[in-house]
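The values are calculated or read from the model by the stated rules, or taken from the named source; none is laboratory data. Computed from a predicted model, the values in this text were never measured in an experiment. Here Cβ is always computed from backbone atoms with ideal geometry, including for glycine, and neighbour counts include all displayed protein chains.
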Amino acid sequence: MNLVVQGPALASGDLDALVLLAKPRAVVQVAPRAFRLAGAMKNEGIAPLCEARRIDHAWREEGRRFADLRLLAMDMDSTLITIECIDELGDFAGRKAEIAAITAQAMRGEIEYQESLRRRVRALANLPETALQDVYDQRLKLTPGAEELIAACKKNGVQLLLVSGGFTFFTERLKARLGLDHTISNVLEVKAGKLTGELVGAIVDADAKAGRFREVLFSLGAKQEQTVAIGDGANDLKMMAEAGLSVAFHAKPVVRAAATCALSWCGLDAVVNLFE
């Protein structure tokens, strides 16, 4: 197995300690503060050392190449971008704390997603439609490393799927801006220039995310091992289970526990370092 270790806090002393534990046949630097320990041996001391020193680590089969991927899917809110769009809309409506609390419960898997979304969207009733553009212009920022990951996908012919329980207003703008291939998200109902507090059509939940992933995978004629899915919340888990590699990105504990590996300290570009 390869042991990939990376993180902004990774120091030479940390690497030396990991080499002593893992006894790899070779150490390859794959990026600044990112190393592949080839042929590493598993040791129960590795995980606690990495956790204590804020180092992301992942065990990967040897021979897994980024160039062999066909599909990379990722969540939008708190994954591709740094914010939860619905929470920021709630701020414009004067109800951010209420909405953010429901969002956090849903992402931890404590309440059913569809009901949580309906409750949050109802709290946005009568918000001017212009608030959507305000959130996009003033508050939406890409997660560090997002553009580098997307560039690597385009260079290697990997299709990009953006899945979101959020809203088409944001996913479609990001699709055009970043050159993404596929999206799925919810549609907010707007009448007379204001949000009604309702959604149009079926809700995009965990099942819908997983279904869209399978749909694109089938259309590409790709194999499961040629796919990656990245998410942070409980409603990403079904999609992540469909992928060859699932990455819990700055994620809730329930997601970290189920994923192939977790990135808790690095940016999205660290996903590339998981491959040879």
Self-check item: Hits in the stretch 133-158 (condition: within 29 Å of residue 6 (Cα to Cα) and touching a helix residue (DSSP H, G or I) at 6+ places or on another chain (Cβ under 6 Å))
Solution: 139, 143, 145, 146, 148, 149, 150, 152, 156
Practice problem: Please go through the stretch 93-145 and pick out each residue that is over 22 Å from residue 235 (Cβ atoms), among the polar types (S, T, N, Q) and touching a strand residue (DSSP E or B) at 6+ places or on another chain (Cβ under 8 Å). | Solution: 126
Self-check item: Among the candidates 157, 197, residue that is in the same structural domain as residue 240 (by TED's automatic domain parsing), surrounded by fewer than 20 Cβ atoms within 10 Å (Cβ to Cβ), among the small types (Gly, Ala, Ser) and within 16 Å of residue 87 (Cα to Cα)
Solution: 197
Quiz item: For the stretch 133-150, which residues satisfy the criterion of being aliphatic (A, V, I, L, M) and assigned to a loop (DSSP other than H, G, I, E, B)?
Solution: 140
Quiz item: Only one residue in 44, 51, 88, 62 is of a type outside the set (A, V, I, L, M) and within 25 Å of residue 173 (Cβ to Cβ), so which one is that?
Solution: 88
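Restricting attention to the stretch 256-276, report how many residues are touching a Lys or Arg at 6+ places or on another chain (Cβ under 9 Å) and hydrophobic (A, V, I, L, M, F, W, C).
Restricting attention to the stretch 256-276, the residues satisfying the condition of being touching a Lys or Arg at 6+ places or on another chain (Cβ under 9 Å) are 260-262, 264-266, 273-276.
Keeping just the survivors that are hydrophobic (A, V, I, L, M, F, W, C) gives 261-262, 265-266, 274-275.
The number of residues fulfilling the criteria is 6.
Would you say residue 228 is at pLDDT 95 or above, in contact with a strand residue (DSSP E or B) (Cβ under 6 Å, 6 or more places away or on another chain) and surrounded by 15 or more Cβ atoms within 10 Å (Cβ to Cβ)?
Values: at pLDDT 95 or above: yes; in contact with a strand residue (DSSP E or B) (Cβ under 6 Å, 6 or more places away or on another chain): yes; surrounded by 15 or more Cβ atoms within 10 Å (Cβ to Cβ): yes.
Judged against the criteria, residue 228 is a match.
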Practice problem: State whether one or more residues within the stretch 188-202 are under 18 Å from the mean Cα position of the chain (by Cα) and in contact (Cβ under 8 Å) with a residue 24 or more places away in the chain. | Solution: no
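Residues are listed down the side, and each one gets a yes or a no for (1) in the same structural domain as residue 212 (by TED's automatic domain parsing); (2) touching a strand residue (DSSP E or B) at 6+ places or on another chain (Cβ under 8 Å):
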residue: 38; (1), (2): no, yes
residue: 45; (1), (2): no, no
residue: 49; (1), (2): no, no
residue: 55; (1), (2): no, yes
residue: 73; (1), (2): yes, yes
residue: 76; (1), (2): yes, yes
residue: 80; (1), (2): yes, yes
Quiz item: Scanning for something of a type outside the set (Lys, Arg) and within 17 Å of the chain's Cα centre (by Cα), does the stretch 214-224 turn up at least one residue?
Solution: no
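Grab the helices (runs of 4 or more DSSP H) fully contained in the stretch 151-257, keeping just those with 2 or more residues being of a type in the set (Gly, Ala, Ser). Outline the logic, then answer.
Values: elements: 168-178, 206-220, 237-241.
Output list reads 206-220.
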Quiz prompt | Filter result for residue 102 (out of contact with any Gly (no Cβ under 7 Å at 6 or more places or on another chain), closer than 29 Å to residue 209 by Cβ, assigned to a helix (DSSP H, G or I) and among the β-branched types (Val, Ile, Thr)) | solution = yes
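In the set 238, 209, which member is among the charged types (D, E, K, R) and closer than 15 Å to residue 160 by Cα?
On the way: 238 fails: closer than 15 Å to residue 160 by Cα.
Going through 238, 209 in turn, just one is among the charged types (D, E, K, R) and closer than 15 Å to residue 160 by Cα: 209.
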